[in-house]
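This report concerns only the one structure given below.
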Amino acid sequence: TFDLLLEKSGDGYRAHVVDSPAGQPSAQFAPPFDANEAAAFLARVGGRGAFAGTGKSEDLVKQFGARLFDAVFNGEVLTGYRRSRDAADREGKGLRVKLRLNDVPELADLPWELMYDAGANTFLNLSRKTPLVRFLELPNPPRTLRIEPPLRILGVLSLPDDYVELGVEREWDKLQEALKKLTDDGLVELYPLPDATTGELQQALRKQEFHILHFVGHGEADPKTNEGALVFENERGRGRLVSGEMLGTLLRDARSLRLVVLNACEGARPDRNDPFGGVAQRLIQQTIPAVIAMQFEITDRAARTFSSKSPTSSRTKADGMPTRKFSVWLL
């Protein structure tokens, strides 16, 4: 692991390696973009607008990703990263980049998952050898992830009558297909929730131990609080916004849970002023060990590829193109 902390330092920022195979170097850096530049990029090539998929757009993504990478991987930090990669290669291992952003929520909104190492001509996250994981520091120690099979997955398929219809059942079918061999061997068990209400969820968690909660549905910002929320169903089948704090309260006592997957728009979108402003971040704060959630849009073709391994939900934009978002938050 290349454990990288970003923190404020004077008028700028400091990148400090908390732990790595090559020591604990540090380097100062300036913000790679101002707010206007970042907003313009995200609106143009897939952050929160359409991604054209053309060579020109790909070049823009590389340029943007290179500026992200070069900002924090400079000086001794870059040297430490290269040496850590070499050390991992000699042992036949990869090097996970763990990014800590607690102290700089204004930087957490940037798509660090797009970091591009121009010297190696590669996006970090497109290689299994250099996965990037966002890490939220909390005072309580993380739970162990080890379990005894079967692995039990609880599916919450939310389709309220007053929201745009999503192919939630199709997504669940993909998950069943992807896990068929494991379910046939008795290693995995899938349980769809009868109704996507918080009451049904609470009852299910009281009756059975589950290891993974898999939510498929809509996500959006709550207009009253401006924080991220998931759209569950109420007793009449209409949409009900459930905040990350409320969901975290429901899940906190489910000690068997090891992972929550949020197949919903903006489930991991952070707040520029609060590092725990998103749904995924609130769940981490409530001691869920790991969360996979959506932050930035990707093409539907890429989303289908991803969903063949782990299904994702979609929403339809004004131009009719389904879009997905993906980010990982790990405690």
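The values are calculated or read from the model by the stated rules, or taken from the named source; none is laboratory data. Note that the coordinates shown come from a computational prediction; the quantities given were computed from them, not determined experimentally. Using ideal geometry, Cβ is built from the backbone for each residue, glycine included, and neighbour counts are taken over all protein chains shown. Accessible surface areas use protein heavy atoms only, side chains included; no ligands, DNA or RNA. Shrake-Rupley method; radii C 1.70, N 1.55, O 1.52, S 1.80 Å.
Structural remarks
- For the range 53-135, the carbon plus sulfur part of the accessible surface works out to 47%, probe radius 1.4 Å.
- Across the accessible surface of the range 1-43, with the other protein chains kept in place and a 1.4 Å probe, carbon and sulfur atoms take up 47 percent.
- Rounded to the nearest whole Hz, the Karplus-based 3J(HN,Hα) values (6.51 cos²θ - 1.76 cosθ + 1.60, θ = phi - 60°) of the range 151-159 follow the sequence 7, 9, 10, 9, x, 10, 9, 9, 9, with x at glycine and proline.
- Anchor Lys224: aspartates and glutamates whose Cα lies under 20 Å away (excluding residues fewer than 8 positions away in-chain): Asp162, Glu233, Glu245, Glu266, Asp271, Asp274
- Above-threshold pairs, the threshold being 32 Å between Cα atoms, out of Lys62/Lys98; Lys8/Lys129; Lys129/Lys174; Lys62/Lys93; Lys180/Lys207; Lys62/Lys180: Lys62/Lys180
- Linear extension gain, Thr122 paired with Glu106, 0.36 nm per residue minus alpha-carbon span: 3.2 nm
- Taking 1.567 mPa s as the viscosity and 4 °C as the temperature, the Stokes-Einstein diffusion coefficient of the range 151-231 based on its alpha-carbon Kirkwood radius rounds to 93 µm²/s.
- Charge tally in the Cβ shell below 12 Å around Ser26, where Lys, Arg are +1 and Asp, Glu are -1, Ser26 excluded: -1
- Length released on extending from Lys8 to Thr79, taking residue separation times 0.36 nm less the Cα-Cα span: 23.4 nm
- FRET efficiency estimate (nearest 0.05) - Cβ-Cβ, Ala178 to Asp19, R0 35 angstrom: 0.55
- Viscosity 0.692 mPa s, 37 °C: Kirkwood-radius Stokes-Einstein D of the range 114-272 over Cα pairs, µm²/s: 186 µm²/s
- Rotationally averaged projected area of the range 1-131 (alpha carbon convex hull; nm²): 7.9 nm²
- Average accessible area per residue (Å²) across the range 72-131 - probe 1.4 Å, nucleic acids and ligands excluded: 48 Å²
- Partners for Lys181 among aspartates and glutamates (Cα-Cα distance below 13 Å; same-chain residues under 8 apart left out): Glu189
- Fraction of antiparallel bridges per DSSP, the range 135-259 only, in percent to nearest 5: 40 percent
- Surface per residue (accessible, 1.4 Å probe) for the range 138-244, Å²: 57 Å²
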